[in-house]
Amino acid sequence: MLLLSKEKKQILIALFYYVNCINNFFRLTIQYYLEMLKELDEMFHSETIKPTFEYAHILLALFIFGENLDGIGRYRLQKELLIGSGTAKSLITKLSKKKNFIAVPDKNRRKGHVLTDAGLKYLNKIKNVILLINDGDLSILKDMIIESKGAYAYLCQVKNSSEKITNGIAQRDAAIKVNGFGVTCLVFDGGKFHFPLTSAYESDEIQMKITEDVQEYVKNQVINKNYILEKNDVIIIGLGDNSERARLAALNAALTLL
């Protein structure tokens, strides 16, 4: 029977306590963001026709309003979200009346809707975990993206979410659901990016390497936005037939990691 000294027992107890605290933290964090998404459930309630927009459309709308603090109109939002006029009208109405996330300022109604304090607060909570970066340069990314010809790319960062990703198939399916071409997922280990350990890109013998040019390019995109890149962050590269579609694909894929 192995006997441990008092000091070693104390170290093991402390280590067990630390691991337990970390596990509880991640469990509470996941629960927190799931509850945050549930706050949007009422926007899908309807006594007549069920809304055709997705959670990704709601969140992307908030991001767009956040980038246009002076206001944005329905027709501009419709084009940005790639939705029909009726869907855009329904989305704006529900964001305004059901959630009080947007409003039309009394002083200048021509500029459209703006974020309310409640909308800005909710958007900032989302930004704690999901960050939209910018369009991707396929002349640099093409070697690691399947069927990049004719595609557009968009980069999205999801904080501390590497443990929630397996082979990237769930993220690919989420992108396709909003008519994207798919996504490529990169996990940051604190120094470099790599594909998920059970990546769909992995062959029987060797996993495709990410070149130094791509490594530096993706890091610089994050830095240029003044975002912080940390261990276990995931970069999602959404693909689509235009920039807006690629952005929507990236965001919908990011939601699978909450």
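Assorted remarks:
- Any hit, the stretch 94-109, residues being in a loop (DSSP other than H, G, I, E, B) and hydrophobic (A, V, I, L, M, F, W, C): yes
- Qualifying residue in the stretch 141-155 (condition: more than 19 Å from Phe195 (Cα to Cα), in contact (Cβ under 8 Å) with a residue 12 or more places away in the chain and touching a strand residue (DSSP E or B) at 6+ places or on another chain (Cβ under 8 Å)): yes
- Residue in the stretch 127-155 that is farthest from Leu251 (Cα to Cα), counting only those that are part of a strand (DSSP E or B) and of a type in the set (Val, Ile, Thr): Ile133
- Considering the stretch 69-89, and only residues there that are crowded, with 16+ Cβ neighbours inside 10 Å and touching a residue at least 40 places away in the same chain (Cβ under 8 Å), the residue that is nearest to Leu120 (Cα to Cα) turns out to be Gly71.
Each value in this text was obtained by applying a stated rule to the coordinates, not by laboratory testing. Just so it is clear, the model here is predicted, and its values are computed rather than measured. Because the Cβ atoms are built from the backbone with ideal geometry, glycine has one as well, and the counts that use them run over all protein chains shown.
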